[in-house]
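Right, one structure below, let's go through it.
Readers should treat all values here as calculations from the given coordinates under stated rules, not as data from a laboratory. Only a predicted model underlies this, so the values are computations on that prediction, with no experimental measurement involved. Cβ placement follows ideal geometry from the backbone for every residue including glycine, while neighbour counts extend to all protein chains displayed.
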Amino acid sequence: MYDKNKGFKYEKIAKKYLLDNNYKILEENFISKFGEIDIIAAKDGKLHFIEVKGRKNITHGYPREAVNFSKQKKLRSAAKYYFMLKGKDDYFCQFDIIEIIFEDRELNHIENAF
């Protein structure tokens, strides 16, 4: 069962990491009929659509493994909708995953993950 409070905790950690690394946060929890994008950020003229995944430990696998093909498809569709809604068509973009393994105090930013 997914605990939304844990999700917010992981997103808060990811947001701090992004701000500390000179990303500009444009949107948080962008919701569309296609799904939700956890964070949309900009850096160096590129938009980053970021999925945040966290787990207490890796007993049941790495958090990034939860971003399967179906989830990727939803994120791509939501990003297309974002571009249409915002009238942005001149940006380069990429899809990143930030995974957090809480017990190990580990954060991995997987750029251009898919």
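Taking the Cα centre as origin and putting +1 on Lys and Arg beta-carbons and -1 on Asp and Glu beta-carbons, what dipole magnitude results for the range 4-110, to the nearest 20 debye?
Working: 22 positive and 16 negative charges, 68 e Å.
It comes to approximately 320 debye.
Taking Cα pairs under 8 Å and at least six residues apart, what relative contact order does the chain come out at, in percent? It would help to have the intermediate numbers written out before the result.
On the way: 180 pairs, mean separation 27.4, N = 114.
Relative contact order, the chain: 24 percent.
Within a Cβ distance under 15 Å of G61, other residues only, what is the Lys/Arg minus Asp/Glu net charge?
Details: positive: K53, R55, K56, R64, K71; negative: E65, E99, E103, D104, E106.
Neighbour charge sum, excluding G61 itself: 0.
With respect to the cross-link table entries K9/K46; K53/K86; K43/K88; K24/K53, which display a Cα-Cα separation exceeding 24 Å?
Details: K9/K46 26 Å; K53/K86 26 Å; K43/K88 15 Å; K24/K53 20 Å.
Result: K9/K46; K53/K86 exceed 24 Å.
Please determine, in degrees from 0 to 90 and to the nearest 10, the orientation of helix 69-86 with respect to the longest principal axis defined by the Cα atoms of the chain, where the helix direction is its Cα long axis.
40
Determine ³J(HN,Hα), in whole Hz, for all residues of the range 31-36 in sequence, where each value follows from phi through the Karplus function 6.51 cos²θ - 1.76 cosθ + 1.60 and θ = phi - 60°; x replaces Gly and Pro.
Couplings: 10, 9, 5, 8, x, 10 Hz.
For helix 4-20, what angle does its Cα long axis make with the longest principal axis of the chain, in degrees from 0 to 90 and rounded to 10?
Once rounded, the angle reads 70 degrees.
Which cross-chain or sequence-distant (5 or more) residues have an amide H under 5 Å from the amide H of L47, H modelled 1.01 Å from N in plane?
So L47 has HN proximity to F92, C93, Q94.
Could you go through the range 39-46 in sequence order and give the Karplus-derived ³J(HN,Hα) for each residue, using 6.51 cos²θ - 1.76 cosθ + 1.60 with θ = phi - 60°, rounded to whole Hz, and x for Gly and Pro?
So the J values, rounded to whole Hz, are 9, 10, 9, 10, 7, 6, x, 10.
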